[in-house]
Structures are given as C-alpha cells and as structure tokens.
Amino acid sequence: MGSACIKVTKYFLFLFNLLFFVLGAVILGFGVWILVDRSSFISVLQTSSTSLKAGAYVFIGVGGFTMLMGFLGCIGAVNEVRCLLGMYFAFLLLILIAQVTAGVLFYFNMGKLKQEMGGIVTKLIQNYTDGHEDSLQEAWDYVQAQVQCCGWVSFYNWTENAELMSRINITYPCSCENKSKEDNNSLLPQTGFCEAPVGNGTQSSNNPDDWPVYKEGCMEKVQAWLQENLGIILGVCVGIAVIELLGMLLSIFLCRHVHSEDYSKVPKY
C-alpha cells in the first residue's frame, strides 16, 4: 500500500512539474511579448516607462526560472532523487514568496502606476505631430481606434496639442473618429489629423465640441476592463498558488519516503 501511494505521488508530482514547465514558458513568452509588441497600449507604456521594461525582464527571468524548476522537479520525481526534490521545494517556496510580494507591491502602488500611465499618455498627446512616422504615435492611434476611446481622461486632452488647436477648420485625431462597427474593424487605423467636411457657414476656430470623435477617455475603458476581468485574474492567481502549495506538499511527502537515492538515475548530458 505504501509503495503504491509513493508511486501515485511520484507521477502526480511529475504532472505538476510538467504543468509548471509549460507555465514558465507562458510567463517567459509574455515578458518577450511586452518587449516586442508594437501594436497595443503595452507598446505605448514600454517605450516610455522604465518600470514596465523592468517588469518585462522580471517576467522573462521568472519564466526561465520556473521552467528550470519544473525540469528539475520532473527529474527528481521520476527518479526519486531527494536532492532535486529538496531544490524543487526551495525554488517553489521562493517563487510563492516572490508572487505574494509582487502582488502586495502592485496593490499599494496602483495609484502611482495610474499616475505614471496618465503622465506618459498626456505627454504623448501633447507632442503628437501630424504626418510624423513614429511607432509610439502609431501604437496610440491603434489603441484609440480599437478600444474606441479618445484621450486619457477625455477627448479634451487633445486640446493640449498646439498643432491641432492651431487649425482653423474643424480638425480632430483620425484614430478617435466615431465610426460604425463595420468601419472600425480595419487592421490599420487612420493616423494623424483629419479635417471634417465643411458644412453650412464658416468656422472661425477648431472647437473640440464639434469633433465627430469618441467622448470617453481611454482611462475609463482600461479601468472598466480591469473591473470586468478582476474575478478571472484573481481566480487564476489563486489557482496558481494552490497548485504551488500542492506541489510543495507532494515534494515533501515524496522526499520523506525516499530512504535511499541512486544518483546514477539522474540523466547526464
């Protein structure tokens, strides 16, 4: 009975570690995506924010570390090597502590992060230049068109752009234009400034109240998305923590019941 229990524990632990290896690959891929992405709000932040760049490198490091931990755990479980099982338990404990610490730091720095994001976007809008090819400007145009928002707090943020407000006719950011769902499915959103058709009468100034754009700011859209998906995010985090705790318990159980170990079982490369 005891032998059968150990065997079941061994293979369960192997499956847990295989899952961790895949999870590490996903985390590593997410970090790489943050660094190379050029077509979303992430691109706007990572180009201007050193904090997000540092976070991307942390994701890459944690992902690589998790893959290594899963690999060692698989070998230790299948071959019943106490040394590798002990290393696996220690690594898993470190990762769990790091996750809790990161979660606490993120919770207490949400206000600072929100302020930093607002400063980045506001500066981008102020310095936006019509006809200038810039990856940061193109990324922000993509965000406004896809999320269907305009500016950060509201579309009035664009009134801080001197070039736009110097126009005599009704001119607005093209990516902010309020379009139908069919027209908004284009993969390449319009960039630069667009001039509204001249109607009856003459316009003496570029009045933002006359712009045919989305009125809601992107900040509210981002917050709404986070609130809608907060339960999913928390559920994933709790699920990962539970799996890690189960992996730690299984490794302790298996390690205690391995009375002798044969290091010749460890594959040599």
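For residue 213, nonlocal amide neighbours, meaning residues 5 or more places apart or on other chains whose placed amide H falls under 5 Å from its own, are 178.
Applying the Karplus relation 6.51 cos²θ - 1.76 cosθ + 1.60 with θ = phi - 60° to the range 144-161 yields 3J(HN,Hα) values of 4, 5, 7, 7, 6, 9, 8, x, 9, 7, 7, 5, 5, 4, 6, 6, 7, 8 Hz, where x marks Gly and Pro. Dimensions of the range 100-179 based on its C-alpha atoms, expressed as ranges along the principal axes with the largest first, amount to 53, 23, 23 Å.
Model label points for residue 234 and residue 190, set 7 angstrom from Cα along the Cα-to-Cβ axis, are 4.2 nm apart. For the pair residue 242 and residue 57, a Förster radius of 25 Å applied to the C-beta separation gives a FRET efficiency near 0.35, rounded to the nearest 0.05.
Only the coordinates and a few stated rules stand behind these numbers; no lab work does. Because the structure is a prediction, the values reported are computed rather than measured. Heads up, the Cβs are rebuilt from the backbone with ideal geometry, glycines too, and the neighbour counts pull from every protein chain shown.
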